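Student: The following block contains the structure, expressed as structure tokens.
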Amino acid sequence: MSSSFFIKTKQNPKLAKKGKNTAVSKRKNDGDSAGKSKVPAKKPSSKYNEEISSDSETESSAEPKKRQTNVDYEYDETPQEKKLRLAKQYLEQLKEEEEKKAEDESFETELIAGRLQEQVLEQKGKLQRLIAKDILPPDASEIRVLRGHKLPITCLVITPDDKCIFSAAKDCSIIKWDVESGKKLHTIHGGRKGTEDRHVGHTAHILCMTISSDGKYLATGDMNKLIMIWEAETCKHLYKFTGHKGPVSGLSFRKGTHDLYSASHDRSVKVWNVDENAYVETLFGHQDIITGLDSLSRECCVTAGGRDRTVRVWKIAEESQLVFHGHEGSIDCIQLINEEYMITGADDGSVSLWSVNKKKPLSTVKQAHGCHGDAGLEQPHWVASVAALQNSDTVASGASGCSHNSQIQLWKCGHNYRGLEPLFSVPLSGFINSLKFSSSGQFLVAGVGQEHRLGRWWRLKEAKNGIYIIPLKRKLLNSEEANVSEQ
């Protein structure tokens with residue numbers, strides 16, 4: 001009401017004139033007073049102050065009042081209008097969520113399709129990572145050595161996440177190592193012969209080991225014809241499989257399952273179900289001791305037949321086998337590169353590359369690691385181990401001989417696996433009994449001993465029993481390739 005009142009007053013000419021006269025008479029009175037005597041000027045009345053103040057408030061409060069009117073308008077919407085507004089907001093929100101979900105599903109679909117295509121190529125043996133040309137030889141100072149076993153290392157595996165290594169030796173012990181620190185995480189000590197009934201673990205030389213693709217189970221086989229199943233995380237003993245009539249020389253879990261394949265000097269291949277702690281079946285065919293075994297995702301495995309000089313592909317479901325010939329000596333090691341191609345090594349010093357669709361090797365390198373001995377009596381260095389970086393063009397072989405110049409040789413597989421080209425060698429002293437690439441391809445692990453894993457024909461005293469971790473560095477992109485990758 002006060003604002004309205006003062007607005008009307010301002011617009012009334014009589015009141016305005018009266019106010020003017022009052023101001024003039026006031027100045028006149030002030031002047032007269034000043035001439036007579038110095039009397040303090042009277043302060044403006046409170047009413048005058050209120051009039052000026054109210055007039056200012058009237059002008060400054062116009063805008064806030066206008067805003068208040070707008071706010072009142074928003075809250076004065078009818079219930080029907082409010083429902084309509086909220087419904088529109090809800091529909092907009094649903095639309096945004098659907099669009100985001102569609103984008104996520106599209107990305108997932110593309111990702112799954114890519115993985116399925118990759119799996120199909122892997123199953124057909126067509127997936128090949130061409131990385132061999134980029135791998136650089138390691139410096140000797142970069143190679144790490146882990147020592148803990150008292151006798152020669154015979155076998156090793158790397159966990160699927162590349163964080164740990166399991167190794168086993170002729171001292172019947174199993175050690176779990178941390179890759180980054182090189183420290184022992186757990187040791188399963190071996191027992192003496194004759195203590196099988198009371199000792200939890202092996203009491204004879206361990207010849208082979210494998211780990212499931214999910215890292216849950218570890219399996220080990222020994223000269224006492226036994227297969228031990230362990231919980232990989234805790235190294236707790238779970239089961240003991242018996243049935244082979246000779247030393248267990250090869251073990252492999254089928255990828256993506258807990259089906260276990262085992263091979264033995266009794267010339268047989270057995271199938272086990274670890275989840276059920278059960279034996280499944282036995283397959284026969286080799287004419288000599290089986291020295292090595294490997295498998296991937298398919299329901300089949302491959303084996304090396306020692307001095308029967310055959311490689312065999314076992315089709316488990318069909319209970320049939322394919323027989324391959326090629327080496328001139330005892331075939332001591334075998335490894336699958338992918339579902340179609342594999343690599344083998346023999347004591348005649350040769351390394352061969354095979355396809356499961358051809359009975360003869362696609363390529364053979366004789367005297368792959370050179371020879372030793374006096375002139376005219378030279379003998380090739382045995383190939384005691386081979387390894388393959390899965391679904392790539394990179395493989396490795398480990399030589400052993402009666403001299404200190406044993407070595408690991410890295411190879412590049414040629415186009416369509418039609419050849420083997422040497423990349424570089426890593427000199428080590430001793431029998432290179434086991435080789436494994438990490439899943440990432442960032443390092444190679446070698447198990448080295450003073451004796452061959454399958455026998456004690458001779459001993460290299462100067463060699464050291466240990467685990468060698470060899471880094472596999474890659475070439476840096478040159479400037480042109482870097483520019484292309486940035487674009």
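Student: Under the definition of Cα pairs under 8 Å and six or more residues apart, what whole-number percent is the relative contact order of the stretch 390-442?
Tutor: The value is 35 percent.
Student: If I model a spin label at K366 and E319 as a point 7 Å from the Cα along the Cα→Cβ vector, what separation in nanometres do I get?
Tutor: Simple spin-label model gives 4.2 nm for this pair.
Student: Amide H to amide H under 5 Å from S363: which residues, 5+ apart in sequence or cross-chain, H placed 1.01 Å off N in plane?
Tutor: Sorted by chain and number, the residues that satisfy this are L353.
Student: Leaving ligands, DNA and RNA out of it, work out the accessible area of S106 with a 1.4 Å probe and give it in Å² to the nearest 10.
Tutor: 60 Å²
Student: Report ³J(HN,Hα) in whole Hz for each residue of the stretch 442-458, in order, from the Karplus equation J = 6.51 cos²θ - 1.76 cosθ + 1.60 where θ = phi - 60°; Gly and Pro get x.
Tutor: 8, 7, 10, 10, 10, x, 10, x, 7, 9, 5, 5, 9, x, 10, 5, 7
Student: A further question follows. Can you give me the long-range amide H partners of A169? Hydrogens built in the peptide plane at 1.01 Å from N, cutoff under 5 Å, separation of 5 or more residues or another chain.
Tutor: T154, I206
Student: Under the Karplus relation 6.51 cos²θ - 1.76 cosθ + 1.60, θ = phi - 60°, what is the ordered set of whole-Hz ³J(HN,Hα) values for the stretch 150-161, x standing for Gly and Pro?
Tutor: Here the 3J(HN,Hα) series is 7, 10, x, 6, 10, 7, 7, 9, 10, 5, x, 8 Hz.
Student: If you don't mind, another one. Please give me, ordered by residue number, the GluC sites (Glu not before Pro) of the stretch 266-317 that lie in loop per DSSP and have at most 13 other Cβ atoms within 10 Å.
Tutor: Hits after loop and neighbour filter: E276.
Student: So if R0 is 35 Å, what FRET efficiency would R418 and E108 give, r being the distance between their Cβ atoms, rounded to the nearest 0.05?
Tutor: That pair, R418 with E108, gives E of 0.35.
Student: Scan around L296 for amide H atoms under 5 Å from its own, H built in the peptide plane at 1.01 Å from N, and keep only partners 5 or more places away or cross-chain.
Tutor: K255
Student: Estimate the FRET efficiency between H199 and T78 by the formula 1/(1 + (r/R0)^6), using the beta-carbon distance for r and 60 Å for R0, to the nearest 0.05.
Tutor: 0.10
Student: Roughly how big is the stretch 260-302's charge dipole about its Cα centre, with Cβ charges of +1 (Lys, Arg) and -1 (Asp, Glu), in debye to the nearest 20?
Tutor: Result for the stretch 260-302 is approximately 120 debye, rounded to the nearest 20.
The values are calculated or read from the model by the stated rules, or taken from the named source; none is laboratory data. Note that the structure is a prediction, hence the values are computed from the model and not measured. So basically every Cβ, Gly included, is an ideal-geometry build from the backbone, and we count neighbours across all protein chains shown. Just so you know, the surface numbers come from the protein's heavy atoms only, side chains and all, with ligands and any DNA or RNA stripped out. Shrake-Rupley method; radii C 1.70, N 1.55, O 1.52, S 1.80 Å.
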